[in-house]
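Enquirer: The structure under discussion is supplied below as structure tokens; questions concerning it will follow.
The values are calculated or read from the model by the stated rules, or taken from the named source; none is laboratory data. On a predicted model such as this, the values are computed, not experimentally measured, just so you know. Positions of Cβ are generated from backbone atoms using ideal geometry, with glycine treated the same way; all protein chains shown enter the neighbour counts. With ligands, DNA and RNA removed, areas are computed over all heavy atoms of the protein, side chains included. Shrake-Rupley method; radii C 1.70, N 1.55, O 1.52, S 1.80 Å.
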Amino acid sequence: MKFHFLLIALCCCTGLKAQQAKPNVLFIFVDDLRPDLGCYGNTTVKSPHLDSLARKGVVFKNQFVTVPTCGASRMSILTGKLPHKRSDLTNEAAESMVRTEMPETFIEQLKRNGYYTVGVGKISHSADGYVYPYNKERSNQLELPNSWNEMLFNPGKWKTGWNAFFAYADGTDRNTKKANVPPYEAAGVGDGGYPDGLTAELAVQQIEKLAGKKQPFFLGVGFFKPHLPFTAPQKYWDLYNEIDIALTPSPDMPVNIHKASLHESAEFNQYKSGDEKASLQKPVSDAYARKLRHGYYASISYVDAQIGKVLTALREKGLDKNTIIIVWGDHGWHLGDDRVWGKHTIFDWSLRSAFIIKTPRPQKGFSPEQVVSSVDIYPTIMELCGVKMPYKGDGESLIKATRKTAYSYFKQGLTVRTDRYRLTQYYRNAKPDIELYDHTTDPWENKNIAAEQPELVKELQIILQRGNTGVYNTPGGREQVEN
């Protein structure tokens, strides 16, 4: 009998130790963060905290999202799936999945396997994790109902998540101002004078609570900046001398394309009090372009400081020793590149985003230069945490990935990125509908050479069609041109 009790106790103890040995996960989602950071080679941007993290981890230099719009991109990474129907290309992708059969997110799978899961801020599409229109009160319907033990957000004086998402320092927002606002602001306030400062404070509080739990945790933290409007405390604007900020290396539309491949910066032009409007016909002035880039860079520095607070809290609690830290931008952004201000294209400017991983111990297998897709992140987390995939997704763990391509979808187009080329096929009437860019000679995708290289196009089309999920053959939601 004593042996029986001893065996039970030993098994329980062993099970507890195994659970405790599982790494925690801190996943930081950043809106519209293209790889304009010091660790990516941008010597102008001040991003000391992310650069410090990068020195201790791995910077993936060629990570591409599947859809260049917030909600769809996030649902793709959360489920590890490429878009398979039209609604998967919209910002309502999460809501659509709730109404139908939603695949398990990696957060839900961790929760099923003993993790305590907490979300702070914008993780899926909604600014605070709940489904409701921009100008309404918050509902009680979670976007990811099965993923969270706790879903938290502090809207502060803006009262709702969506108002906070479009916030200005005086407590107003784009929604209530009916878009009669500028696309930038520098205010003499502290970090808590804008919502991301409140999110950092809330995340730090959660880290203090999670440090006392007897189980591994997943903490997701979603920051708004550098999403429009480019609003940040004055001190972050003061880090830059505007006249020294470089303009784009791609000031004009690429050669040999149809303008249908780009767009007229509709989201940016919604800000009615901007200094100038953007269009493909007439670029904004150099002076205004520098001001806007200044605002984007100031927003990056602001969010970098908030991320630094979260990372400091993790370290001070001793949790960094057993925590996987991931920072991911949900897509890129044209900063006047190709005469566009915004995302919503399937060029590198819009699809390439920041992606950094730090693991508790050095991880073999990661290749910083490798072309990877955001759908590879789900299986990578599962492998690092010792948790099985609940289903076969469309990605591969980056620890042992053999596929070196990334597929993306938008504007009636399918595109594939390899280590050297980008080949794009548009399913539209406007010609040309095939675009080929050679990144060895044309890193900014300034000239479509498809007509000059027909044999290469045929060769690459075989690879391209492997990513054809039939998304444009199915009915569903309209592609979005908002967040």
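Enquirer: Please report the relative contact order for the chain, taking Cα pairs under 8 Å with a sequence separation of at least 6, and give it as a percent rounded to a whole number.
Expert: Result for the chain is 25 percent.
Enquirer: Taking the Cα centre of the chain as the origin, how large is its charge dipole in debye, to the nearest 20, when only Lys and Arg (+1) and Asp and Glu (-1) carry charge on their Cβ atoms?
Expert: Here the size comes out at about 1460 debye.
Enquirer: Can you compute the equivalent ellipsoid semi-axes for the stretch 340-483, i.e. the square root of 5 times each eigenvalue of the Cα gyration tensor, sorted largest first and rounded to whole Å?
Expert: Over the Cα atoms of the stretch 340-483, the semi-axes work out to 29, 19, 15 Å.
Enquirer: Around Val375, under 9 Å between beta carbons, what's the net of Lys plus Arg minus Asp minus Glu among the other residues?
Expert: Net local charge, Val375 excluded: -2.
Enquirer: Under a point spin-label approximation (7 Å from Cα along Cα-to-Cβ), what is the Asn113-Gln205 distance to one decimal in nm?
Expert: Roughly 3.1 nm, to one decimal.
Enquirer: Under 17 Å from a label point 7 Å along Cα→Cβ of Lys277: give me every residue in the stretch 164-198 with its amide N that close.
Expert: What the label zone holds, given the 17 Å backbone N cut-off, is 179-183.
Enquirer: Using unit Cβ charges (K, R positive; D, E negative) and no other charged atoms, how large, in debye to the nearest 20, is the dipole of the stretch 313-372 about its Cα centre?
Expert: 380
Enquirer: Further, regarding this structure: At 222 nm, what value in deg cm²/dmol follows for the chain if DSSP H runs of at least 4 each add -39500 (n - 2.57) and the sum is divided by all its residues, to the nearest 500?
Expert: -8500 deg cm²/dmol
Enquirer: Along the charge dipole of the chain, pointing to its positive end and built from +1/-1 on Cβ of Lys, Arg, Asp and Glu, which listed residue (Thr69, Ser299, Ser139) has its Cα farthest out?
Expert: Positive-most Cα among the choices belongs to Ser139.
Enquirer: What distance in nm lies between label points placed 7 Å from Cα along the C-beta direction at Gln234 and Lys447?
Expert: It is 4.8 nm.
Enquirer: When only C-alpha pairs under 8 Å and at least 6 residues apart count, what is the relative contact order of the stretch 237-294, in percent?
Expert: 48
Enquirer: Taking the 0 to 90 degree range and rounding to the nearest ten, how far is the long axis of helix 2-21 tilted relative to the main principal axis of the chain, both from C-alpha atoms?
Expert: For 2-21 against the chain, the angle is about 20 degrees.
Enquirer: Kirkwood Rh over alpha-carbon pairs of the chain, then Stokes-Einstein at 10 °C and 1.306 mPa s: what D in µm² s⁻¹, rounded to an integer?
Expert: Translational D for this selection: 69 µm²/s.
Enquirer: To continue, here is another question. Tell me, what is the percent relative contact order of the stretch 361-417, built from C-alpha pairs under 8 Å that lie six or more residues apart?
Expert: RCO, the stretch 361-417: 36 percent.
Enquirer: Starting from the 7 Å offset along Cα-to-Cβ, what nm value, one decimal, do you get for the label separation of Gln465 and Ala430?
Expert: 2.6
Enquirer: Now, a different point. Would you mind pulling out the separation of the Cα centroids of the stretch 190-255 and the stretch 332-390, in Å?
Expert: Centre-to-centre (Cα) distance: 18 Å.
Enquirer: Within the chain, what is the longest stretch that has no chymotrypsin sites (Phe, Trp or Tyr not before Pro) placed in a DSSP loop and near at most 14 other beta-carbon atoms within 10 Å?
Expert: With chymotrypsin sites (Phe, Trp or Tyr not before Pro) excluded where exposed in loops, the chain gives 1-390 as its longest stretch.
Enquirer: If you don't mind, another one. Quick one: helix 70-79 against the long Cα principal axis of the chain, what's the angle to the nearest 10°, folded into 0 to 90?
Expert: On a 0 to 90 degree scale, this one is about 40.
Enquirer: At a Förster distance of 51 Å, what's the computed FRET efficiency of Asn241 paired with Thr402, Cβ-Cβ distance as r, to 0.05?
Expert: E between Asn241 and Thr402, to the nearest 0.05, is 0.65.
Enquirer: Just read off the accessible area of Val120 with the full protein assembly in place, 1.4 Å probe, to the nearest 10 Å².
Expert: 0
Enquirer: Charges on Cβ only, +1 for Lys and Arg, -1 for Asp and Glu, centred on the Cα centroid of the chain; of Gln205, Val416, Pro23, which one is farthest towards the dipole's positive end?
Expert: Checking the options against the dipole of the chain, the answer is Pro23.
Enquirer: Here is a follow-up. Answer with one residue from Thr248, Ile324, His227: the one whose Cα lies farthest towards the positive end of the charge dipole of the chain, charges on Cβ with Lys, Arg +1 and Asp, Glu -1.
Expert: The one lying farthest along the dipole's positive direction is Ile324.
Enquirer: Continuing with this model, one more query. Can you sort His258, His84 by 1.4 Å-probe accessible area, starting with the largest?
Expert: His84, His258
Enquirer: Helix 195-210: angle to the longest alpha-carbon principal axis of the chain, degrees 0 to 90, nearest 10?
Expert: Approximately 20 degrees, to the nearest 10.
Enquirer: As an exercise, identify the trypsin sites (Lys or Arg not before Pro) in the stretch 240-312 lying in DSSP coil whose Cβ has no more than 15 other Cβ atoms within 10 Å.
Expert: Qualifying residues, ordered by number: Lys272, Lys277.
Enquirer: Could you pull out the GluC sites (Glu not before Pro) across the stretch 333-434 that fall in loop regions by DSSP (anything but H, G, I, E, B) with no more than 14 other Cβ atoms inside 10 Å?
Expert: Glu369
Enquirer: Quick one: Cα centre-to-centre distance for the stretch 30-68 and the stretch 397-432, in angstrom?
Expert: Centre-to-centre distance over Cα atoms comes out at 22 Å.
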